[in-house]
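Below is one structure, written out as structure tokens; comments come after it.
The values are calculated or read from the model by the stated rules, or taken from the named source; none is laboratory data. Because the structure is predicted, anything quoted here is derived from the model rather than measured. All Cβ positions, even for glycine, are placed from backbone atoms using ideal geometry, and neighbour counts span all protein chains on display. Ligands, DNA and RNA are stripped out before the accessible areas are found, and what is left, the full protein with its side chains, is counted by its heavy atoms. Shrake-Rupley method; radii C 1.70, N 1.55, O 1.52, S 1.80 Å.
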Amino acid sequence: MRLLSERDIERLIDPAAAIAASAEAYRRQAAGEMPAPGRLDVLRTDPKGGALVLAGHSFDHRFVVKTNIHAYADAATDAAKPARTASSGLVLWDGVACVPLAHMATSSFNDHRTAAGFAAAAQMLVPPAPHTLAVFGAGKIAPATVLYLATVRRFARVVLVGRNVERARGLAAQLAARPELDGIDITVETDAATAATEADVIATVTTAETPIFPGDAVRSGTVVILGGGNRPTHREVDDGFMRRARVFVDHFDGATTRAGDLALTLASGVLRPEQIFGEIGAVLASGEVPPMPPGLDITVFKSIGIAAQDVITAGMVYDRAVREGVGLEFDMRDGSVVPVAATAPATPGPAS
């Protein structure tokens, strides 16, 4: 079994290949080529925390089982603002030989995979040459969100909005030092309505449970990627916003039942079923975005993350690790751990 660390993952994931992997995952999902994944969501209250286990495969010989763990270490002493810690690991299996191919540390993998999904959708939904990207949320996934969206669209300006202003300023400085973002004006905005009004593209990556900006502040024609609010009672946008939205999703059943922005507004009648134009994979497969119908003026991509992304991205990472001799090989029979060698000349390669 190949052991791949967080450092290995950063070395092995190429943004362009990760975006191609998510696009392939979306297309296969929309085409019905991905079986329904297994999902086990376990929460606890004392101490506060939980585990999310996802399992999936793609009708081939590889299976993925991923476990995300989170905890709030100081919830008992500071219930208003408990600090969240999280970690994640993934096992890629050969489902025919019934042997594990790799164990991957997936904290950064999750960021790459999720942001790559945002970018795959943005390639279809965002018009060329947008000026301003506003990112709501300055946490763990925010850097990847900016970097991946800037890979597929060249923004003149990026505006960061975070509950913790100092954290947002630190992120802005971190991003400004990235050579991939050279020439982009990266700033912090403390007023949510101003950021929403100025943006051509909005990406939300928050843990908010209630709307984070006034929907009427969003200009006509804006593309909004909703990446948080992935519990049935959590929301990032308000009713007025959803009434204006033409919606695309990564997974129809999951997004309409597990994401509060859709589930709550569908139940209340605010969001009409005909406003949901289906899965982004169908758009990627056809190469055409359906026209905006009368009465709607905002485009939304709702991402909950799908197992197909994990399966295809993990396969891509593993195959490249084997080619380039990255990681350690662990023998489950005798416990030995040995270095590995490259099996072929190093090439980035497309998603497997």
_Lys/Arg +1, Asp/Glu -1 at C-beta; the chain dipole; positive extreme among GLY32, LEU160, LEU328_ = LEU160
_Whole-Hz ³J(HN,Hα) from phi, Karplus 6.51 cos²θ - 1.76 cosθ + 1.60, for the range 170-179, glycine and proline x_ = x, 5, 4, 5, 4, 5, 4, 7, 7, x
*Averaged per residue, what accessible surface does the range 36-164 expose to a 1.4 Å probe, in Å²?*
45
*Round to the nearest 10 and give me the degree value, 0 to 90, for the angle of helix 15-30's Cα axis relative to the longest principal axis of the chain.*
80
*Keeping every protein chain in place, order THR257, THR45 by accessible area at 1.4 Å, biggest value first, i.e. largest first.*
THR45, THR257
*asked:* Please give the charge dipole size of the range 156-263, origin at the Cα centre, charges +1 on K and R Cβ atoms and -1 on D and E Cβ atoms. Round to the nearest 20 debye.
replied: 160
*How about the range 165-219: which trypsin sites (Lys or Arg not before Pro) there lie in a loop by DSSP and see at most 14 other Cβ atoms within 10 Å?*
ARG219
*Determine the dipole magnitude for the range 126-174: charges of +1 sit on the beta-carbon of Lys and Arg, -1 on that of Asp and Glu, nothing else is charged, the reference point is the Cα centre, and the result goes in debye to the nearest 20.*
0
*For Kirkwood radius over Cα pairs in Å, which listed value, (1) 22.1; (2) 20.9; (3) 23.2, comes from the coordinates shown?*
(2)
*Given labels modelled 7 Å from the Cα in the Cβ direction, how far is it in nm from ASP46 to ASP216?*
4.5
*Pairing the Cα long axis of helix 142-152 with the longest principal axis of the chain, what angle in degrees results, from 0 to 90 and rounded to the nearest 10?*
90
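For an R0 of 41 angstrom, estimate the FRET efficiency from the Cβ-Cβ distance between THR207 and ARG11 and round to the nearest 0.05.
Working: r = 29 Å, r/R0 = 0.71.
It comes out at approximately 0.90.
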*Return the carbon/sulfur percentage of the accessible area of the range 88-240, one whole number, probe 1.4 Å, all protein chains in place.*
53
*Leaving ligands, DNA and RNA out of it, rank THR197, THR343, THR222, THR114 by accessible area with a 1.4 Å probe, largest first.*
THR343, THR197, THR114, THR222
*So how much slack lies between ALA341 and VAL289, counting 0.36 nm per residue of separation and subtracting their Cα-Cα distance, in nm?*
14.2 nm
_Per residue solvent-accessible surface (Å²) - the range 171-273, probe of 1.4 Å_ = 40
*Pop out the carbon and sulfur fraction of the accessible area of the range 248-352 as a percent, whole number, probe 1.4 Å.*
61
*Say each of SER107 and ILE69 gets a label point 7 Å from the Cα, pointing the same way as Cα to Cβ; how far apart are those two points in nm?*
1.2
*Size of electric dipole in the chain: Cβ of Lys, Arg +1 and of Asp, Glu -1, about Cα centre, debye, nearest 20*: 180
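Quick one: order SER286, SER107 from most to least accessible surface, probe 1.4 Å. Display every interim value, and only then the final one.
On the way: SER286 75, SER107 25 Å².
From most exposed to least exposed: SER286, SER107.
Show that you can apply the helix-only estimate: for the chain, add -39,500 (n - 2.57) for every DSSP H stretch of four or more residues, divide by all residues, and state [θ] at 222 nm to the nearest 500. Walk me through the intermediate numbers first.
Values: 11 runs with 118 residues, N = 352.
Result for the chain: -10000 deg cm²/dmol, rounded to the nearest 500.
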_As I understand it, the dipole of the chain uses +1 on the Cβ of Lys and Arg and -1 on the Cβ of Asp and Glu, about the Cα centre. Which of MET104, PRO290, PRO211 lies farthest toward its positive end?_
PRO211
*Got a sec to turn the phi values of the range 128-136 into Karplus ³J(HN,Hα) couplings, 6.51 cos²θ - 1.76 cosθ + 1.60 with θ = phi - 60°, whole Hz, x for Gly and Pro?*
x, 6, x, 8, 10, 10, 10, 10, 9
*Under a plain spin-label model, where a point goes 7 Å from the Cα along Cα-to-Cβ, how far apart in nm are GLU329 and LYS140?*
3.2
